[in-house]
Amino acid sequence: MSAADESPTAVRPLIGITGRRIRLDRTKGADRRYGDRCADSYMSDYAIRIARAGGLPVHLAYETDPEAVCHWLAGVVVAGGQDLHPACWGGDPSVVRDVDPRADPMVHDIERDRYELALVRAALDRGIPVLAVCRGMQVLNVALGGTLIADLPPGEVRHLSQVVAPTDGTDDHVVTFEAGSIVAGLFGERAVTNSWHHQAVDRCGTGLLVTGRTADGVVEAVELADAPVLGVQWHPEWMESDDPTMTWIVEESVKRLR
């Protein structure tokens with residue numbers, strides 16, 4: 001039984017989840033009359049796992065003012081997705097393609113970047129628990145002034161996996177955790193995880209601590225000292241097994257209701 005399910009009348013924590021925005025004509029079978037209209041898109045697995053753990057998942061549109069919504073939220077999940085625009089962290093702007101992110105959800109989307117950076121800062125200011133996933137971990141780092149590795153070179157650990165989700169990952173992708181960290185408390189000394197990323201945390205933002213790495217030194221988990229803030233580079237929502245970070249965000253969010 002999760003922390004939010006102690007009684008049938010228990011108040012369940014409202015947990016905001018970020019997503020992306022795409023044109024309807026990118027959806028197979030969409031009515032062409034509405035093709036140039038946009039729809040907000042969210043990975044359902046976040047909501048499914050949060051609800052299973054006892055939380056109330058809510059999807060956050062770009063128009064959902066970060067400061068205002070943080071009056072109501074008990075937790076925030078910053079979801080995975082495309083690369084952050086290099087202008088956000090001092091990267092090379094030549095990699096940016098002149099493509100509308102509403103037409104291609106994998107190109108840079110500065111509107112999404114600005115929204116999520118503002119949301120993370122608002123949540124941190126209010127002490128709201130944050131789980132930042134893959135791209136989300138990089139957003140967390142950049143929000144605190146950190147930088148990124150723009151493109152990981154090939155190596156002994158496969159970070160940009162070709163394995164189809166959901167999966168618990170491959171044996172080469174072992175993350176070792178720092179003793180006493182949130183992730184060590186959830187997983188123990190190490191864990192095999194999935195992996196679908198080509199960028200990574202480089203210089204950590206203010207207050208962030210690296211608490212998990214793969215054997216090649218790539219950062220796989222970060223935490224904010226003495227705060228319920230956790231970033232993971234893998235996708236807990238797409239682990240085939242239950243990933244304890246999804247329960248963690250609900251349990252930490254419940255604490256804000258007490």
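General observations
- The stretch 57-78, residues that are closer than 16 Å to residue 11 by Cα and surrounded by 18 or more Cβ atoms within 10 Å (Cβ to Cβ): 57, 73, 74, 75
- Residue list for the stretch 1-26, restricted to those being farther than 27 Å from residue 123 by Cβ and either outside any loop (DSSP other than H, G, I, E, B) or at pLDDT 90 or above (or both): 23, 24, 25, 26
- When the stretch 14-41 is filtered for residues that are open to solvent by less than 70 Å² (accessible area, probe 1.4 Å) and in contact with a Pro (Cβ under 9 Å, 6 or more places away or on another chain), the ones remaining, listed by number, are 14, 15, 16, 17, 20, 21, 22, 41.
- The C-beta contact set for the stretch 76-105 (first residue on the phi > 0 side of the Ramachandran plot, second residue open to solvent by less than 70 Å² (accessible area, probe 1.4 Å), distance under 7 angstrom, 6+ apart or interchain) comprises 81/20; 81/135; 90/147.
- Filter pass, residue 114 being surrounded by fewer than 17 Cβ atoms within 10 Å (Cβ to Cβ) and either over 23 Å from residue 131 (Cα atoms) or in contact (Cβ under 8 Å) with a residue 60 or more places away in the chain (or both): no
- Residues in the stretch 170-187 that are open to solvent by less than 30 Å² (accessible area, probe 1.4 Å) and part of a loop (DSSP other than H, G, I, E, B): 173, 181.
- Some residue of the stretch 85-93 being open to solvent by less than 20 Å² (accessible area, probe 1.4 Å) and within 24 Å of residue 249 (Cα to Cα): no
- Screening residue 211 against (1) of a type in the set (S, T, N, Q); (2) farther than 30 Å from residue 87 by Cβ; (3) assigned to a strand (DSSP E or B) leaves a single unmet condition, (2).
- From the options 245, 193, residue that is under 30 Å from residue 11 (Cα atoms) and of a type in the set (S, T, N, Q): 245
The values are calculated or read from the model by the stated rules, or taken from the named source; none is laboratory data. The structure presented is a predicted model; accordingly, all values stated were derived computationally and were not measured. When we count neighbours, we look across all protein chains shown, and the Cβ atoms used for this are built from the backbone with ideal geometry, even at glycine. These accessible areas exclude ligands, DNA and RNA; they are computed on the full protein's heavy atoms, side chains included. Shrake-Rupley method; radii C 1.70, N 1.55, O 1.52, S 1.80 Å.
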